[in-house]
Amino acid sequence: MINSSSDNVKKLNSINRRMFITGSLKFFIMVGIVSRLFFLQVKENKKYLTLSDKNRIREWKLAPVRGEFQDYFGNVIAGNFEAYQLHVIPEQVENFKYVIYRLKDLLELSDSEFKKVLKKKKEIKPWETLIVSNNLSWDKFSKINNHLYDLNGVKPVISISRNYPFNENFTHIIGYVSQANEQDIENTELIKKNFVPGLKVGKIGLEKSFEEKLIGTNDIERYEVNAYGRRISQLEFQKGKKGQTLKLTVDTEIQKLANELLKDKAGSICVMDIFTGEVIAMHSSPSFDPNLFVFGISQDNWQIIRNDPMKPLLNKTLQGRYSPGSTLKPIVALSALENGIINTNFTVRCTGKTELYDQTYHCWKKEGHGYVSLRNAMKMSCDTYFYEIARKLGVDKLSETAKKFGLGKKVFDNLFEIEKDGLIPNTQWKKNALGKGWLLGETIITGIGQGYIQTTPIQLCLMTAQIANGGYKIYPKIVIDDKDKIKPSDYYTPLYKNSRNIKIIQDAMFGSTNEVMGTSYRSRIDNPKYQFAGKTGTAQVKKITERERELDLKTSEIPYEQRDHALYIAYGPYVNPRYALSIVVEHGGNGSTTAAPMAKKLFKLIIDRHEMRQSINEKKYLEI
Amino acid sequence: MYQHTRLTNNNFTFFQKFRNFDYILLICILLLGFISLATMYSTDGGKILFHTKSHFIKLMVFTMMMLFISFINIKFWFSVGYLSYIVVVSLLVWTYFFGITSSGSKRWMDLYFINLQPSELMKIFIILCLAKYFHRMKLENVNSVYTILTSLIIILLPMGLVIVQPDLGTSVLIAVSGIAVLWFAGINHKYFIYTMLGFVISLPFVIAFLKPYQKLRVLTFLNPDKDPLGAGYQIIQSKIAVGSGGIFGKGFLKGTQSYLEFLPEKHTDFIFTLFSEEFGFVGSVVLLVIYIIIIYRIIAIGANSRSYFAKLFCYGFGAAIFVFITINMSMVLGLLPIVGSPLPIMSYGGSSMLATMIGFGIVMSARVHSQQLIA
């Protein structure tokens, strides 16, 4: 018993010693755990709080609402409409295969459309939005909404999308928007900043030029989400700003008429206010419907547009480089007058052709015009007369005057990136560009607007406007902008040496339209309210051979590609002029028969709408 | 020393037993039960749903059971020491053959009204068994080869049965419970040191034999950011939850990490994370203090017990509870790799609570019958 009790004492001593060791160990471990808690919860609290917020708060950027385009009278010409879309974020879908087949059934997608969606899914990252459908009908949209319980991760979205209510009418001015590609995102900081899947940005035209003003800012939604990305509650909604609305100087009615007049033809019409430089209409034909591009154009439609021989994608007003033909004659005559080469009494005998430097130059009229003065030469567009004064004037002086009046230089500076310079040749140019000396024969054909010279329709319009306003410099514009209040210092500076010379040219243009024997006499309007003055032009697209000259074919008998371009420039009303225009009809044949009658219809409408236009202006001032 | 002999064969009266109750321990256990219930309510999203209801019922039943056990003489527990061990081992064998497989491991046995996890029970009954084994042993015999081999077999048998389930975490905890008793029984500390060294040296080899998911857990523990959405997810999210709790926590029912389901297994192994997120550093320390008081009381009861068996059991059980708590907390705080180990009483899970409550019951019984000698 004692033995066993002494053993018991030993055992107790042992167990108590060990309990003490264990106790101290426990103490250190507890200190360890508490300090770990302290470290996480007190010291690193901020870091983990941020991480926790990052976990639970997710931001959704919504596409910004794009600014609108309005015409001069405030009509919306590029607006927005609500498009019903269906988005899926693959990452958030538990069973993608099931959901996507379910959607296929519900939306009645065709196999090819379905494949396209699957292909798109492969291209994007799992956390990026897959747009299954971007423009659903209301029926299908509500159908999807009814089945949402079964479509985890599918998001029906009402998206604001671009709409061009006037279809093809403004395409070449406004351009169009389409889904932003990587290049757009890279090149424009603002697109990068506002980018959301499906964001549409301007691809061409003013939509592109004014992208930064139009784009607006995103709405931002902040949601609390759970671990599976499901939205639990909305924490905040930050309203974005709609893009700026841009007002154009264009009159929709006149634009529509221009479109109508050029229907089934290739060509351009532009109309300009001769004092303010406001572009009233600017149309290039054929055009295309920009709405087709908003959600990505189908391959079929794209092929139709691309392969059209009349080249709808080309903006002929700004990009089309045409020989001005006889429409250059006012400038040739003006240059000769200004440089004192001729006076109004200078007369040339036209026999239908003239031999100069061993070469025969023909007048358009085989029988010739007989003795012609400056006024009659302009009126009847006598080529022989202009051969003669061009020869006397020389190409360098001619090019100087032409450039002064706006030819051979971009009219809108950098507003349209596609705009072309055209070409006003001189001796220096030829030496530099072609490395050859200027030939006198080239001067002679330049006198009737043929040869190297190339002008765009908008340049011709500007030239006409600057003749019509008495020879003063203006800067054309198409967007009404705050910038306009500050006019360039050379605005309205005279472009002439002697204002009488401008009057002479204006008078000659009057004769050309309103007097018997004038080339556009048949298109005249006698009512002084609408009366206009103009100059026809017929630009050859190829050299006419002697044989063809003898055949003297009618326009319809010549293959389309070889027909002459028909041109017409005009301004009106003749008394107190206000508007200038230029018309180019590609392969339209004769300027007087094809282009000039269009001017007649245009001036009727332009002048009828003048008062309305003025009243808007007055109202604007009243509001200020 | 002999004055107590007359009590030896005395049956304690009911009221005496009541008087002998350790009320501090009881209150702490009830408090813990209440906290666990509130936390469970929070995991259910602030509603009384399945987990809360079930946890409540278990808590009630098992607390009653604990009280009942505490009235049973500690002698009885001594007498069933081997039997209960054999019963639980046979349950483990049964589970091995007929158990319910869930998420890749066979841990459960179907008792029709309840699914029992015998491995959890083993955490307690191995202490009971070993305490009995060492009770009568003379100190000089403790370090004999025979004793050590026998006790090792007692530990390794259930461990092996649990590892094949497979459930590495629980088998380690069973081993810890057993080793704790061996330690208090007086086995030479050389053996513990050698075992430790041997373990550290063989660790790389052990890792080579681990199952892929276990290997992943270890690797993830070493660098949770390597695969933040995969294996590292639990550790990262748990740390975020705890860390974002701050000093005073986000408030009851306002733990965004758990409410928004970023927290995995928030009912069971990660319950402390949720608690810590909602009640912050202060709350966590309070919870720790409650646990410490409980452990302290268990040890105190052991110290005051006359019988060596009761002492050994209390010390062993106290150490085991301490290890369960620290392993669970270290795990959710990112100090240890994720091994499935519940937090006693707090975590959802009947078997674990049953085992813990039986343990508390026996400790209480030791207290109530503290003067009981066992021959």
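Some notes on this structure:
- Members of the range B:251-263 that are at negative phi and either acidic (Asp, Glu) or within 9 Å of chain A (Cβ to nearest Cβ) (or both): B:Thr256, B:Gln257, B:Tyr259, B:Leu260, B:Phe262, B:Leu263
- The range A:156-176, residues that are over 25 Å from A:Ile280 (Cβ atoms), β-branched (Val, Ile, Thr) and surrounded by 21 or more Cβ atoms within 10 Å (Cβ to Cβ): none
- Yes/no for B:Ile345 being more than 14 Å from chain A (Cβ to nearest Cβ) and over 12 Å from the mean Cα position of the chain (by Cα): no
- Within the range B:108-133, the set of residues being over 18 Å from the mean Cα position of the chain (by Cα) and closer than 16 Å to B:Ser84 by Cα comprises B:Lys132, B:Tyr133.
- Where a residue in the range A:404-415 is in contact (Cβ under 8 Å) with a residue 24 or more places away in the chain and closer than 14 Å to A:Pro457 by Cβ and its partner, wherever it lies, is of a type in the set (Gly, Ala, Ser) and in a loop (DSSP other than H, G, I, E, B), with Cβ under 6 Å and at least six apart: A:Gly408/A:Gly422
- Top-ranked residue in the range A:276-297 [being polar (S, T, N, Q) and more than 23 Å from A:Asn469 (Cα to Cα); ranked as surrounded by the most Cβ atoms within 10 Å (Cβ to Cβ)]: A:Ser284
For (1) closer than 20 Å to B:Ala38 by Cα; (2) modelled with pLDDT under 85; (3) of a type outside the set (A, V, I, L, M, F, W, C); (4) surrounded by 14 or more Cβ atoms within 10 Å (Cβ to Cβ), each residue gets a yes or a no:
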residue: B:Tyr213; (1), (2), (3), (4): no, yes, yes, no
residue: B:Leu216; (1), (2), (3), (4): no, yes, no, yes
residue: B:Thr220; (1), (2), (3), (4): no, yes, yes, yes
residue: B:Pro228; (1), (2), (3), (4): no, yes, yes, no
residue: B:Ala231; (1), (2), (3), (4): no, yes, no, yes
residue: B:Ser238; (1), (2), (3), (4): yes, no, yes, yes
residue: B:Gly245; (1), (2), (3), (4): yes, no, yes, yes
residue: B:Gly249; (1), (2), (3), (4): yes, no, yes, yes
residue: B:Lys254; (1), (2), (3), (4): yes, no, yes, no
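- Restricting attention to the range B:85-124, the residues being of a type in the set (Phe, Trp, Tyr) and under 17 Å from B:Gly349 (Cβ atoms) number 2.
- Residues of the range B:255-272 satisfying the condition of being out of contact with any Lys or Arg (no Cβ under 7 Å at 6 or more places or on another chain), part of a helix (DSSP H, G or I) and among the hydroxyl-bearing types (Ser, Thr, Tyr): B:Tyr259
- Applying the condition of being free of Cβ contacts under 8 Å to residues at least 24 places away in the same chain and part of a helix (DSSP H, G or I) to the range B:95-146 and asking which residue is nearest to B:Leu161 (Cα to Cα) yields B:Phe97.
Rundown of residues vs (1) more than 30 Å from A:Thr455 (Cα to Cα); (2) touching a Ser or Thr at 6+ places or on another chain (Cβ under 7 Å); (3) surrounded by fewer than 20 Cβ atoms within 10 Å (Cβ to Cβ), yes/no style:
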position	(1), (2), (3)
A:Glu189	yes, no, yes
A:Ile215	yes, no, no
A:Lys242	yes, no, yes
A:Thr249	no, no, no
A:Thr252	no, no, no
A:Leu261	no, no, no
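- Filter pass, A:Val99 being at negative phi, over 21 Å from the mean Cα position of the chain (by Cα) and assigned to a strand (DSSP E or B): no
One line per residue, one yes/no per condition, for (1) basic (Lys, Arg); (2) within 14 Å of chain B (Cβ to nearest Cβ); (3) touching a Cys at 6+ places or on another chain (Cβ under 9 Å):
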{"position": "A:Tyr228", "(1), (2), (3)": "no, yes, no"}
{"position": "A:Lys242", "(1), (2), (3)": "yes, no, no"}
{"position": "A:Thr252", "(1), (2), (3)": "no, no, no"}
{"position": "A:Ala258", "(1), (2), (3)": "no, no, yes"}
{"position": "A:Asp264", "(1), (2), (3)": "no, no, no"}
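- Top-ranked residue in the range A:63-95 [being over 26 Å from the mean Cα position of the chain (by Cα) and assigned to a strand (DSSP E or B); ranked as farthest from A:Val225 (Cα to Cα)]: A:Tyr84
- Residue within the range A:592-615 that is in the same structural domain as A:Thr456 (by TED's automatic domain parsing), among the hydroxyl-bearing types (Ser, Thr, Tyr) and surrounded by fewer than 17 Cβ atoms within 10 Å (Cβ to Cβ) present: yes
Conditions (1) at the interface with another protein chain (Cβ under 10 Å from one of its Cβ atoms); (2) surrounded by 24 or more Cβ atoms within 10 Å (Cβ to Cβ); (3) in contact with a Pro (Cβ under 9 Å, 6 or more places away or on another chain); (4) closer than 21 Å to A:Leu40 by Cα, marked per residue:
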{"site": "B:Phe275", "(1), (2), (3), (4)": "no, yes, no, yes"}
{"site": "B:Ser284", "(1), (2), (3), (4)": "yes, yes, no, yes"}
{"site": "B:Tyr291", "(1), (2), (3), (4)": "yes, no, yes, yes"}
{"site": "B:Ile295", "(1), (2), (3), (4)": "yes, no, no, no"}
{"site": "B:Ile299", "(1), (2), (3), (4)": "yes, no, no, no"}
{"site": "B:Asn304", "(1), (2), (3), (4)": "no, no, no, no"}
{"site": "B:Tyr308", "(1), (2), (3), (4)": "yes, no, no, no"}
{"site": "B:Phe313", "(1), (2), (3), (4)": "no, yes, no, no"}
{"site": "B:Phe317", "(1), (2), (3), (4)": "no, yes, no, no"}
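- Number of positions in the range A:52-94 that are polar (S, T, N, Q) and either in contact with a helix residue (DSSP H, G or I) (Cβ under 8 Å, 6 or more places away or on another chain) or free of Cβ contacts under 8 Å to residues at least 40 places away in the same chain (or both): 3
- Residues considered: A:Ser133, A:Ser142. Of these, the only one that is of a type in the set (Ser, Thr, Tyr) and not in a helix (DSSP H, G or I) is A:Ser133.
- Residue in the range B:152-174 that is within 14 Å of another protein chain (Cβ to nearest Cβ) and surrounded by 11 or more Cβ atoms within 10 Å (Cβ to Cβ) present: no
- Only one entry of A:Ser24, A:Ser5 meets the criterion of being surrounded by fewer than 16 Cβ atoms within 10 Å (Cβ to Cβ) and within 8 Å of chain B (Cβ to nearest Cβ), and that entry is A:Ser5.
- Only listed residue being aliphatic (A, V, I, L, M), buried (at least 20 other Cβ atoms within 10 Å of the Cβ), under 27 Å from A:Lys497 (Cα atoms) and under 42 Å from the mean Cα position of the chain (by Cα), chosen from A:Val348, A:Val332: A:Val332
- Checked against the criteria, A:Arg349 does not count as in contact with a strand residue (DSSP E or B) (Cβ under 6 Å, 6 or more places away or on another chain), under 20 Å from A:Thr464 (Cβ atoms) and either small (Gly, Ala, Ser) or in the same structural domain as A:Leu398 (by TED's automatic domain parsing) (or both).
- Restricting attention to the range A:33-76 and to residues that are modelled with pLDDT of 90 or more and closer than 23 Å to A:Gly240 by Cβ, the residue that is farthest from the other protein chains (Cβ to nearest Cβ) turns out to be A:Gln70.
- So A:Lys125, is it among the basic types (Lys, Arg) and surrounded by 13 or more Cβ atoms within 10 Å (Cβ to Cβ): no
- Close pairs (7 angstrom Cβ cut-off, 6 or more residues apart or separate chains): closer than 20 Å to A:Ala539 by Cα in the range A:355-371, surrounded by 10 or more Cβ atoms within 10 Å (Cβ to Cβ) and aromatic (Phe, Trp, Tyr) anywhere: A:Tyr361/A:Tyr387
- The residues on offer are A:Asp300, A:Asp273, A:Asp308, and the sole one that is in the same structural domain as A:Phe510 (by TED's automatic domain parsing) and surrounded by fewer than 23 Cβ atoms within 10 Å (Cβ to Cβ) is A:Asp273.
The values are calculated or read from the model by the stated rules, or taken from the named source; none is laboratory data. Given the structure is predicted, the values throughout are model-derived calculations rather than measurements. We place every Cβ from the backbone using ideal geometry, glycine too, and count neighbours over all the protein chains shown.
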